[in-house]
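The values are calculated or read from the model by the stated rules, or taken from the named source; none is laboratory data. Note that this is a predicted model, so its numbers are computed, not measured. Quick reminder, even Gly has a Cβ in these numbers, built from the backbone with ideal geometry, and neighbours come from all protein chains shown. Heads up: the accessible areas ignore ligands, DNA and RNA and are worked out on the full protein's heavy atoms, side chains in. Shrake-Rupley method; radii C 1.70, N 1.55, O 1.52, S 1.80 Å.
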Amino acid sequence: MKYIISVDAGKHATKCVGRKVTQTKDRQVFFNTRYYDMDNGDMEVYGDSYKVRYEGHEYIIGEQGELYDTTTTKTSLLHKLATLTAIAKITEEDTNPTVILTIGCPTAIYKNSKLKEAYRKYICDGNPITISVDEVTYNINIEKVIVKCEGSGIVYLQPHTFVHQRVGILDIGGRNMNFGIYDNRVPVPSSLFSNNNGGLVLETIVREDLSSHYGEDYDLATAVNALKNGGIIINGKLQEESANLVSSSIDNYITNYILKPIREKNINLSTMTVMLIGGTSKFILDHVKKNLPHVNISNQDTQWANVKGFQVVGLVKAGVL
């Protein structure tokens with residue numbers, strides 16, 4: 001059976017949507033982009049994780065994983081495993097699927113034709129791929145790989161926002177930040193860039209600021225909860241001092257890690273529409289509005305905007321839309 005599947009194997013989480021060509025509704029898959037190599041010791045699988053066997057080695061992919069990728073490239077074993085695992089979970093009952101696959105890549109790769117082609121071939125060299133997920137063996141035939149620029153999914157998901165408009169897309173994920181200007185839906189090459197200033201940088205800033213202020217060594221989990229809650233909650237009550245500290249940390253992050261790299265490219269965001277997407281965006285929207293009061297957010301779940309937009313591309317290429 002043939003499937004149309006799109007994968008956004010982000011540095012923090014893998015998002016995937018897909019369907020059989022005969023269906024009209026997509027299935028969704030979500031898991032953390034982390035892995036544990038079973039060569040380091042056999043482990044049972046717990047939580048939202050999958051046991052994966054690929055090319056003679058076994059891994060645990062997902063929540064239970066401990067290792068993640070910190071580079072801007074996606075030609076890594078982890079991202080290949082995440083992509084193939086996501087495909088398997090979409091096709092699930094079909095162990096011999098044929099797939100039209102749409103994937104995203106950082107703008108640094110997208111702008112380099114050799115790197116983009118290497119990424120395409122790394123995911124699939126034209127031969128069927130064998131992978132076992134939770135003791136089920138899949139022989140995946142990837143018929144076509146469509147590579148799109150990270151952050152561009154929203155252009156296909158909400159095309160009305162971009163027609164005859166100049167729009168800056170600010171895509172802030174768990175580990176990467178991607179930016180690009182789209183003029184009437186066409187990307188402006190000189191404006192596209194990626195860096196590692198994603199949500200992990202914000203979490204680190206909050207952790208360090210809280211630790212310094214309170215004289216305790218807080219961990220990243222505490223920082224993440226402080227971001228979600230707007231501060232530290234003790235005995236069910238939000239601590240006002242921590243709320244002010246977290247707010248200041250977010251402002252610092254936006255000024256120095258998000259807006260500064262854009263300004264350094266002599267881009268004036270005040271003269272164009274700005275779209276904010278990515279998993280980190282929901283934590284910082286109100287703070288971004290202090291600097292960019294005209295910023296818009298996707299009417300979809302911002303974490304899923306890219307992959308759902310990529311799926312539109314895949315459906316069109318497959319002749320379904």
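Kirkwood radius for the chain, taken over all pairs of different Cα atoms as the inverse mean of 1/r, rounds to 20.5 Å. Take the Cβ atoms of residue 143 and residue 290, set R0 to 41 Å, and the FRET efficiency comes out at 0.30.
Ligands, DNA and RNA left out, the accessible area of the range 144-232 computed with a 1.4 Å probe is 49% carbon and sulfur. With protein chains left intact and a 1.4 Å probe, residues in the chain average 45 Å² of accessible area per residue. Looking at the range 16-150, what % of its DSSP beta bridges pair antiparallel, to the nearest 5? Looking only at bridges with both residues in the range 16-150, the antiparallel portion is about 70 percent. Sorting 5-17, 190-202 by their mean Cβ neighbour count within 10 Å, with the most densely packed peptide first, gives 5-17, 190-202. The per residue volume of the convex hull around the alpha-carbon atoms of the range 246-294 is 74 Å³. Basic side chains Lys and Arg get +1 at the Cβ, acidic Asp and Glu get -1 at the Cβ, and with that the dipole of the chain about its Cα centre reaches some 1740 debye. Counted over the range 64-211 with a bin width of 10 Å, the fraction of Cα pairs per bin, in whole percents, is 10, 32, 32, 20, 5, 0.
Eigenvalues of the alpha-carbon gyration tensor of the range 226-321, scaled by 5 and square-rooted, set the equivalent ellipsoid semi-axes at 31, 20, 10 angstrom, largest first. Looking at the chain only, what percent of DSSP beta bridges run antiparallel? Nearest 5 please. Here the antiparallel bridges make up roughly 70 percent for the chain. Amide H contacts under 5 Å for residue 12: 174, 175, restricted to partners 5 or more places along the chain or on a different chain, H placed in the peptide plane at 1.01 Å from N. Work out the P(r) tail for the range 1-74: percent of alpha carbon pairs separated by more than 19 Å, whole number. So the pairs more than 19 Å apart make up 46 percent of the total in the range 1-74. Among the GluC sites (Glu not before Pro) in the range 234-298, those placed in a DSSP loop whose Cβ has at most 13 other Cβ atoms within 10 Å are 264.
The Cα center of the range 153-189 and the Cα center of the range 250-304 differ in position by 12 Å. P(r) tail for the range 206-245: Cα pairs beyond 11 Å make up 58% of the total. Using 0.36 nm per residue and subtracting the Cα-Cα separation, the extra length available between residue 263 and residue 93 on full extension is 56.3 nm. Under 16 Å from the Cα of residue 144, which lysines turn up, not counting those fewer than eight places away in the same chain? Reachable lysines: 2, 20, 80, 116, 121, 317. Judged by the mean number of other Cβ atoms found within 10 Å, the most tightly packed of the peptides 122-132, 269-279 leads the ranking 269-279, 122-132.
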